[in-house]
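Inspection log for the structure reproduced underneath, given as C-alpha cells.
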Amino acid sequence: MSSLIPVSNRPFNAETPLEVLPQPLTPTELFYVRNHFDVPEMDTEGYRLDVSGTVGAPLSLSLAQIQALPSRTLTSIMECAGNGRIFMEPKPAGTPWELGAVSVATWTGTPLAEVLKLAGVQDDAVDVLFVGADSGTVEGKTIQYERSLPLNLAQDPDVLLVWAMNGEPLTPNHGAPLRVLVPGWYGMAAVKWLQSIQVLPHAFDGYYQTYHYVYWDDDHASDGEPIREMQVRAMICAPAAGDEVTGDVVEVSGVAWSGFGPVIAGSVHGRGHVEDAELDPLAERTMQEWRYRWTPSAPGEYSLRACATDAAGNTQPLRHRSNRLGYGNNAVHELSLTVTG
Ligand SMILES: Nc1nc2c(c(=O)[nH]1)N[C@H]1C(S)=C(S)[C@@H](COP(=O)(O)O)O[C@H]1N2
Ligand SMILES: [Mo]
C-alpha cells in the first residue's frame, strides 16, 4: 500500500510516492501537501468569504452562496515550485523536497471572474489579493499566507475558487472549505483556506509575492523574475531508484507535464544512446504517461535519464538553473539501476 512520504510534521509537509503518479488522478489521500504554517481551524458552517477593496459592492459570501454561482470542474496538475530542491547545488535553504511534490486532481469551483463580476471591479483596479487564514511568525513578524494575481489573469475563466477535489469536499490539508486554483502555475498561487479577496489599485508586494516565489540570482544582484508556470518535466516512475532488474527487456515508464502546453516528445538517455519514448496522446493539464522498452546490452550498473519537450518548444536542461531559493528545478530525472544477468 502506498502512502504519503512525510517531509516535516509542524507544519505538515508530505510527498506523493512516484509510483502512484501514472494514473489519471492522484487519490486525495496521496496528494502532496505543502503548508507554510499549521492548518488553521475553519468553520465551514459559519464560513464567509469577504470581498473588498476597489469594488462597487463589497461582499460577504457564505459557501452556499458561492456554490450557487455558475461552477465548473477541470483537471489540473499541481506542483510545488520547490519540487526537486534537494538535488540542487549549492543546496538552497527551504523544504527539502525530493521529486514527489506534484500530483493531479479534478477541481470543482466557481470561476473567480463570477465573484469579481458580482462585486463590480472598479476602473482603477490592477491586482487581486487572496488572503489565507493560516498565519505564523516569519523573520520576527506574524504574517498570513497571501498571494495576488494581476487583474487580467484573475479574470481567466479557468481560475477557480474551489470547494471540491476529486468529487469530494476539500479536506483540511488541501484548503477546506475554499481555495484558489490557477491551472498551469506552480502551486504557490493556489491559496488555501481562503479568508478574503481584496481588489487593489496597485501591485501587491507581500513576502510570498515579491521575496519568496521569485527566481533570484545566487548573489541576489539583479531583480528576480516572479515564478509562474510549471516548467516542462518528465519523471521515471518505474523501475524505482536503486532497483535491481533482470531480463533482456526492461519496461521503463513514467509521466510528463508542462504548464506551457501538452508534452509532445519524450526521450530516454543512457550509456551513449538517446531514444524516443512512446507517449500518450496530447493532453492539456493532466499528466501524460510514457513508456520505453529498454534492452540493456549487458548486466551492470546503468543510469537512465528521461527528458520531455512541450508544445511551446521548451525542453529540460541536464543541470538545473541555479537560483537562491531553489525553485523550478526541472533538470532531467536521472535514475540509477542494476541489471543482473
Ligand atoms: N493559505 C495557504 N495556501 C497555500 C500554501 C500555504 O502554505 N498556505 N502553500 C502553497 C503552496 S507553496 C503550494 S505548492 C500549494 C500546495 O497545495 P496542496 O497542499 O493542496 O498540495 O498550496 C499553496 N497554497
Ligand atoms: Mo509550493
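A few points about this structure:
- Condition met for Ser52 (at negative phi, more than 17 Å from the chain's Cα centre (by Cα), open to solvent by 10 Å² or more (accessible area, probe 1.4 Å) and within 14 Å of ligand 1 (Cβ to nearest atom)): no
- Qualifying residue in the range 243-255 (condition: away from ligand 1 (no atom under 16 Å from the Cβ), touching a residue at least 12 places away in the same chain (Cβ under 8 Å), within 21 Å of Ala14 (Cα to Cα) and not aromatic (Phe, Trp, Tyr)): yes
- Boolean, Glu98 is touching a residue at least 40 places away in the same chain (Cβ under 8 Å) and open to solvent by 10 Å² or more (accessible area, probe 1.4 Å): yes
- Condition met for Leu74 (at pLDDT 95 or above, touching a helix residue (DSSP H, G or I) at 6+ places or on another chain (Cβ under 7 Å) and within 16 Å of ligand 1 (Cβ to nearest atom)): no
- Checked against (1) surrounded by fewer than 22 Cβ atoms within 10 Å (Cβ to Cβ); (2) more than 16 Å from ligand 2 (Cβ to nearest atom), Trp107 passes all but condition (1).
- Any hit, the range 273-287, residues being closer than 26 Å to Val214 by Cα and open to solvent by less than 70 Å² (accessible area, probe 1.4 Å): yes
- Contacts under 6 angstrom Cβ, first residue in the range 118-141 being closer than 17 Å to Ala154 by Cα, partner in a loop (DSSP other than H, G, I, E, B) and aliphatic (A, V, I, L, M), 6 or more apart: Ala119/Ala57; Gly120/Ala57; Asp127/Ala203; Phe130/Val191; Gly132/Val191
- Condition check for Ala154: more than 23 Å from His212 (Cβ to Cβ) and either open to solvent by less than 20 Å² (accessible area, probe 1.4 Å) or in contact with a helix residue (DSSP H, G or I) (Cβ under 7 Å, 6 or more places away or on another chain) (or both): no
- Residue among Ser336, Ser267 that is in contact with a Phe, Trp or Tyr (Cβ under 9 Å, 6 or more places away or on another chain), surrounded by 18 or more Cβ atoms within 10 Å (Cβ to Cβ), assigned to a strand (DSSP E or B) and not aliphatic (A, V, I, L, M): Ser267
- For the range 293-311, the candidate set comprises residues that are part of a loop (DSSP other than H, G, I, E, B) and small (Gly, Ala, Ser); within that set, the residue that is most open to solvent (accessible area, probe 1.4 Å) is Ser297.
- Count of the range 238-255 residues, restricted to those that are in contact with an Asp or Glu (Cβ under 8 Å, 6 or more places away or on another chain) and either among the small types (Gly, Ala, Ser) or modelled with pLDDT under 95 (or both), is 4.
- Filtering the range 283-292 for residues that are in contact with a Leu (Cβ under 8 Å, 6 or more places away or on another chain), more than 16 Å from ligand 1 (Cβ to nearest atom) and either under 29 Å from Asp38 (Cα atoms) or not in a strand (DSSP E or B) (or both) leaves an empty set.
- Residue satisfying condition, being over 17 Å from Leu116 (Cβ atoms), more than 18 Å from the chain's Cα centre (by Cα) and not hydroxyl-bearing (Ser, Thr, Tyr), within set Pro183, Pro169, Pro201, Pro157: Pro169
- Within the range 12-31, the set of residues being within 16 Å of ligand 2 (Cβ to nearest atom), open to solvent by 10 Å² or more (accessible area, probe 1.4 Å) and either in contact with an Asp or Glu (Cβ under 6 Å, 6 or more places away or on another chain) or under 16 Å from Ala240 (Cβ atoms) (or both) comprises just one member, Glu15.
The values are calculated or read from the model by the stated rules, or taken from the named source; none is laboratory data. Since the model is a prediction, treat every value here as computed from it, not as a measurement. All Cβ positions, even for glycine, are placed from backbone atoms using ideal geometry, and neighbour counts span all protein chains on display. Each accessible area value is taken on the protein alone, full model and side chains, heavy atoms only, with ligands, DNA and RNA left out. Shrake-Rupley method; radii C 1.70, N 1.55, O 1.52, S 1.80 Å.
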